[in-house]
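Accompanying notes for the structure given below.
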Amino acid sequence: MAVASVRRNGNANPLLKFLRQQGADFYLPIIGVIGFLVVWQILSSIKILSLPGPIQVFADERSRYLIFHPFYYNSPLDQGLARQTLISLTRVAQGYGLAAIVGITLGILVGTSKALNKSLDPIFQFLRMVAPLAWVPISLAALRQNEPAAIFVIFITSIWPILINTAVGVREIPQDYKNVSRVLRLSKKTFFLKILLPSALPYIFTGLRIAIGLAWLAIIAAEIVMSGVAGIGFFIWDAYQQNYVTEIIVAVVYIGAIGLILDRLVGFLQSKIAPANR
Amino acid sequence: MISQGNQAMTTPAAVVSAESFLRLEQVSKVYPTKKGPFTVLTDITLDIQAGEFICVIGHSGCGKTTLLNMVSGFVRPTTGEVRLKGQPIKEPGPDRMVVFQNYALLPWLTAAENVYLAVDAVWPKKSRPQKMAIVREHLAMVGLAEAANRYPAQLSGGMKQRVAIARALAIRPEILILDEPFGALDAITKEELQEELLSIWQKHRCTVLMITHDIDEALFLADRLVMMTNGPAAKIGEIMTIPFPRPRDRERILEDPTYYQLRNDALDFLYRRYHLDEEAE
Ligand SMILES: Nc1ncnc2c1ncn2[C@@H]1O[C@H](COP(=O)(O)OP(=O)(O)OP(=O)(O)O)[C@@H](O)[C@H]1O
Ligand SMILES: [Mg+2]
């Protein structure tokens, strides 16, 4: 995109042109963010919000320390936010990875077999409506340990969109492609690799992208409830207990940023592996 | 590739000597619908010799695709039987390769990979270089050597149809089935492809069954033209033998008075005796 637009306006100074064209993309979001911070600051200054404003967050000694020391380490429950985030991310990676493997596999099975679909779909539709927090007590009761229970909560929250989208993708393989496979009598393996998978891939990625957001939401929820495990969710809970609101705000910024990055990461993979224009 | 079981299943009727290469015998097709059974085709009997070029023409919805699908094996006749060399046709197979109405190329494979998929499915034991050579040969044959590594989205309609034809021919089918292959193409591309198809067929001599809506196309290509009556319950109305010598030359045919005679007969059949708005019969 960027390269093409530079080339199209090859005359004059290409760099200047580029900046002018892309400028709106840069400064409008910055104006938006600044505006947001200003409104927030005003609202908290005139006491409509009883939250500290952005200036207080920067000025407060504790939150300032957190901002400038993301990697400090004192004890498992007292460490920098980057470290806490990394711990949470490791859990997400495990739960989400498991959900991807199981979800895609089950989705393909369910999408291929009408009978399997008919018998399991009501259960899936039912289970996917259960909120992440509701899974916490169940998974704690079932697994009895915090760590596997947290991973299970991520798994069970994020599997549904992957499973359901994969199944739809498999069901929506165009009849034309199935006919090609029938007339050529393609082996099961060739059909799977050359027709089913590429055909369902855009759907699978749609599921994966919805799921990564859910997985990140779930881990925060799970950690807040499962006290005593290190992680950004528990950090928030801990800070709340001690009434360090500025600390919570810094952590929330981390959570939002990581969620955004995760979403974009999967979106990037999607555009590389399953471009929409084919 | 045809299952061995067929050998044992040969019915006494099929053993009768001198059975034609492809025979549709008393074939009918009835679809069950919500409003009751819907008869698409009845009483179809047709004998086709090996190497014949047959065109099928008829008004939209009369059942041409259904008819050819019973040869390719995607549809089973309700009554009657379709037999290839005496063996009833039970399922699709690469010996009856189809050029589908909308190309049916896999968009995530290049032109060459699309053809390779077919070649690889039919001759899994051949070495990769051998299979690649077959792919290249057939893409060159349809004039697409240069576009081998392009994806279908990067090809024009005519080029896609060429790839589909190359894919079909590369696996050396006994019967080539084409469902309105040139319907969506502009006039020039259409004539080019007709000529290519004809010269390829001249070389390979497979049997061709082709649906068309274009009388001139049929007269240029076919040995015989099967004209269907209107649906529902369509039949074969008339079979026209097209006597022009081969190899055919478009200009020469257009100078032949027989051409206009045949053309008028076909037009008369389609637009007077079986005009869509009128009652059939
Ligand atoms: N699976 C089906 N169930 C019910 N009716 C069907 C089915 N398939 C086809 N038909 C009906 O059979 C008739 C013939 O269909 P077919 O596609 O063979 O026509 P066609 O001659 O190829 O038409 P066109 O020239 O428009 O391609 C149509 O009326 C169609 O609605
Ligand atoms: Mg049709």
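The values are calculated or read from the model by the stated rules, or taken from the named source; none is laboratory data. In this text the structure is predicted, and so the values were computed from the model without any measurement. Using ideal geometry, Cβ is built from the backbone for each residue, glycine included, and neighbour counts are taken over all protein chains shown. Please note that ligands, DNA and RNA were not included when accessible areas were found on the heavy atoms of the full protein model with its side chains. Shrake-Rupley method; radii C 1.70, N 1.55, O 1.52, S 1.80 Å.
Computed from the alpha carbon atoms alone, the convex hull of the range B:133-281 holds 135 Å³ per residue. Each residue, B:I239 and A:Q56, gets one label point 7 Å from its Cα in the Cβ direction; the gap between the two is 9.4 nm. With contributions of -39500 (n - 2.57) from each DSSP H run of at least four residues, the per-residue ellipticity at 222 nm computed over chain B stands at -10500 deg cm²/dmol. Just A:I31, A:I67, A:I164 to compare: in a GNM of chain A, with alpha carbon springs under 10 Å, which one fluctuates most? Comparing A:I31, A:I67, A:I164 in the GNM, the peak value goes to A:I31. Extension gain, B:R250 to B:D47: 0.36 nm times the residue separation minus the Cα-Cα distance gives 70.3 nm.
Rg and Dmax of chain A, both derived from C-alpha coordinates alone, stand at 23.7, 74 Å.
Of the listed residues A:E247, B:E192, B:E146, B:E81, the order by accessible area with a 1.4 Å probe, largest first, is B:E146, B:E192, B:E81, A:E247.
For the set B:E137, B:E52, A:E223, solvent exposure ranked by accessible area (probe 1.4 Å, protein chains only) runs largest to smallest as B:E137, B:E52, A:E223.
Straight-line cross-link reach from B:K160 at under 19 Å between alpha-carbon atoms covers these lysines, not counting any fewer than eight positions away in the same chain: A:K178, A:K194, B:K190.
For the range B:101-159, relative contact order (Cα pairs under 8 Å, six or more residues apart, normalised by length) works out to 48 percent. With a cut-off of 10 Å between beta carbons, the residues surrounding B:N69 carry a summed charge of +2, where Lys and Arg count +1 and Asp and Glu -1. Considering only Cα atoms, the convex hull volume of chain B works out to 155 Å³ per residue.
Remark: the range A:156-246 is approximated by an ellipsoid whose semi-axes, taken from the C-alpha gyration tensor as √(5λ), come to 46, 10, 8 Å, largest first.
Computed from the C-alpha gyration tensor, the three semi-axes of the ellipsoid equivalent to the range B:125-171 are 20, 11, 9 Å, from longest to shortest. Protein heavy-atom accessible surface, 1.4 Å probe, per residue over chain B: 46 Å². By a 1.4 Å probe calculation restricted to protein chains, A:V153 has an accessible surface near 0 Å², given to the nearest 10. Does the range B:58-184 come out rounded, prolate or oblate by the C-alpha gyration tensor, with a ≥ b ≥ c the root eigenvalues, rounded set by a/c under 1.5 and, if not, prolate when a/b is larger than b/c and oblate if not? Here the range B:58-184 falls in the oblate category.
Taken over the protein assembly as shown, the ratio of Cα radius of gyration to 2.2 N^0.38 Å equals 1.37. Per-residue mean of foreign Cβ neighbours for A:181-191 is 6 (Cβ atoms of other chains, 10 Å radius). Per-peptide packing, taken as the mean over residues of other Cβ atoms within 10 Å, places A:258-266, B:250-258 in the sequence A:258-266, B:250-258 from highest down.
Relative contact order of chain B, taken over Cα pairs closer than 8 Å and 6 or more residues apart, is 23 percent.
The trypsin sites (Lys or Arg not before Pro) of the range B:71-176 that DSSP puts in a loop, and whose beta carbon has at most 15 other beta carbons within 10 Å, are B:K85, B:K90, B:K125, B:K126, B:R150.
Residues of the range B:68-83 that bury at least 50 Å² of accessible area when the other protein chains are present, relative to the chain alone (probe 1.4 Å, heavy atoms, ligands and nucleic acids excluded): B:F74.
Accessible area buried by the pairing of A and B, both sides summed with a 1.4 Å probe, works out to roughly 1900 Å². Using a probe radius of 1.4 angstrom, the carbon and sulfur fraction of the accessible surface of the protein assembly as shown is 61%.
Normalised size of the range A:51-171, defined as Cα radius of gyration per 2.2 N^0.38 Å with N residues, equals 1.46. For the pair A:I46 and A:L269, a Förster radius of 45 Å applied to the C-beta separation gives a FRET efficiency near 0.50, rounded to the nearest 0.05.
For B:Q87 and A:I123, a Förster radius of 41 Å and the Cβ-Cβ distance give a FRET efficiency of 0.35, rounded to the nearest 0.05. A 1.4 Å probe run over the range A:73-169, with the rest of the protein chains in place, finds 49 Å² accessible per residue. Computed from point charges on the beta carbon alone (+1 for Lys and Arg, -1 for Asp and Glu), the dipole magnitude for the range A:92-244 about its Cα centre is near 980 Debye.
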